[in-house]
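Read-outs throughout are calculated quantities, based only on the coordinates presented, and are distinct from any laboratory measurement. Treat the numbers as computed from the prediction; the structure is a model and nothing was measured.
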Amino acid sequence: MLSVAGIYTFQVNTIDSIEVENEDGKKFRIKNGPALETRFTNKDGSIRILFFDSIYRNDSLVIGFQARLAPAYDTISIDQIKMIEIQDGKKRYSYVY
């Protein structure tokens, strides 16, 4: 929803941070934020990117937003996921409380 001030409103998950592992096997935590992107590589080699704070999972699907300004849910079948990567997309979004 767009307000007069140009602020979009989204329902987001409330995970504060996520533990990740880099290519060297070192584990660390990344703080959740509106610019955090999750890249899913499927078994067929296709790649889908969803914003981390919009991702939800049910028994067989991962569901989330690919874009902020034209939000439409995208779904990915869990049994087709080969790899998951998380990165800071460096976009200038922020939460308003």
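Apply the Karplus parameterisation 6.51 cos²θ - 1.76 cosθ + 1.60, with θ equal to phi minus 60°, to every residue of region 29-38 and state each ³J(HN,Hα) to the nearest whole Hz, in sequence, with x for glycine and proline.
10, 10, 6, 5, x, x, 9, 6, 10, 10
Over all alpha-carbon pairs of region 17-88, lay out the pair-distance distribution in 10 Å bins, whole %, shortest bin first.
Calculated over all Cα pairs of region 17-88, the distribution is 19, 50, 29, 2 percent.
Near the amide H of N32, under 5 Å away, which other amide H atoms are found, from residues 5 or more places off or on another chain, if H is placed in the peptide plane?
Here S17, I18 satisfy the definition.
Under a cut-off of 18 Å between alpha-carbon atoms, report the aspartates and glutamates in cross-link reach of K82, not counting same-chain residues fewer than 8 places apart.
E21, E23, E37, D44, D59, D74
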